[in-house]
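Here's the structure, in C-alpha cells; my notes come after.
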Amino acid sequence: MMVLGDSFTVGSGPVPAWRAYACQAARLLGWQPVIAGAGGTGYLNRGRAGRTFQQSYEEELAWRPAPDVLVVSGGHNDQRWSTGQVGRAAARLVRDARAGWPATRIVLVGPIWLEAVPAKALRIRDTLAEVARREGVEFLDPLRHHWAGGDPSAVVLPDGVHPTPAGHLLLARWLARSLRS
C-alpha cells in the first residue's frame, strides 16, 4: 500500500510518521506501507517541501514497483486555488498513476477536517469526488464523519488542525475499514 499526502498522512508535531493514520491503517490491514508526501503539500500547494503531490509521486513513488493499492489523500492545503485547477491536477495524477500501474487499485481520499469544515473544503471534496467518478477510481469522504465528538481536544492538537495520536487512530480505523470493503 502506497499513500501520498500531506501532514495528516506523514505525521506532524508530536505525531511521528509511524503513528500517523496512513501507517496505522496499513498495520491494521497487515499491509506494507510506503508513505510519500510532505506537510503543507497538496495537488497544487507546494508547502515547505517545495513540491506538489504530482512531484512527490514522481520523485518518491513512480519509479517503484506497482503497489496493490495507491491512496492519495489531500486537498486540505489547496484552498487558494480554484476547484477546477485542483480537479485538473488530481485527474493528471490519477492518469499518470494508472498509466504506470494499470492494475493498481487507486483510492482518492478527500480533504480531512476534524472540526468545523470551511465551505471551500466542501467544494474541493466535491471536485475530487467528481474526478474519482470520471476516472473510475474510488473516493472516500472523511468530511462525512464527525471526528471531534464531544471533546475536540481528544482528537485535535492544540493547533486546531492536526490529529492527536487518538485522532490518527480514528482515521486509521476508518481508512482500514473503507479499504477492506
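Of the options Y43, P67, W81, report the single residue whose Cα projects farthest towards the positive end of the charge dipole of the chain (beta-carbon charges: Lys, Arg +1; Asp, Glu -1).
Value: P67.
Give me, ordered by chain and number, the residues 5 or more places off T41 or on other chains with an amide H under 5 Å from its own placed amide H.
So T41 has HN proximity to S7.
Could you tell me which of P102, P163, A116 has its Cα farthest along the dipole of the chain towards the positive end, charges placed at Cβ (Lys, Arg +1; Asp, Glu -1), taken about the Cα centre?
Working it through, the farthest residue towards the positive pole turns out to be P102.
Please list the three semi-axes, largest first and in whole Å, of the ellipsoid equivalent to the chain, using sqrt of 5 times the eigenvalues of its alpha carbon gyration tensor.
Working through the eigenvalues yields semi-axes of 23, 19, 15 Å.
What does the charge dipole of the chain about its Cα centre add up to, to the nearest 20 debye, if the Cβ of each Lys and Arg holds +1 and the Cβ of each Asp and Glu holds -1?
240
Can you compute the FRET efficiency between R133 and D159 using 1/(1 + (r/R0)^6), with r the Cβ-Cβ distance and R0 = 30 Å? Round to the nearest 0.05.
Efficiency at R0 = 30 Å is approximately 0.35.
For the chain, calculate the relative contact order in percent as a whole number, restricting contacts to Cα pairs under 8 Å that are 6 or more residues apart.
23
Which residue fluctuates the most in the chain, going by a Gaussian network model with Cα springs under 10 Å, if the choices are A38, A89, A154?
Fluctuation is largest for A154.
Run the dipole for segment 1-91 about the Cα centre, Lys and Arg Cβ at +1, Asp and Glu Cβ at -1, nothing else charged, and hand back the magnitude in debye, nearest 20.
I would put it at about 180 debye.
Per residue of segment 144-159, what does 6.51 cos²θ - 1.76 cosθ + 1.60 with θ = phi - 60° give for ³J(HN,Hα)? Whole Hz please, x for Gly and Pro, Karplus curve as stated.
Karplus-based 3J(HN,Hα) across segment 144-159 equals 6, 9, 9, 6, 6, x, x, 10, x, 5, 6, 10, 10, 5, x, 6 Hz.
Gap in Å between the Cα centre of segment 1-50 and the Cα centre of segment 167-181?
14
Residue-wise, which Karplus ³J(HN,Hα) couplings in Hz belong to segment 169-181, taking 6.51 cos²θ - 1.76 cosθ + 1.60, θ = phi - 60°, and x for glycine or proline?
5, 4, 5, 4, 5, 4, 5, 4, 4, 5, 6, 6, 8
How many percent of all Cα-Cα pairs in segment 37-139 sit more than 19 Å apart?
38
Tell me the relative contact order for segment 90-169 as a rounded percent, counting alpha carbon contacts under 8 Å between residues six or more apart.
With pairs under 8 Å counted, the relative contact order is 30 percent.
Can you list residues from other chains, or at least 5 along the same chain, whose modelled amide H is less than 5 Å from the amide H of F139?
Here L108 satisfy the definition.
Values quoted throughout were computed directly from the atomic coordinates according to the rules given, and no laboratory measurement underlies them. Since the model is a prediction, treat every value here as computed from it, not as a measurement. Positions of Cβ are generated from backbone atoms using ideal geometry, with glycine treated the same way; all protein chains shown enter the neighbour counts.
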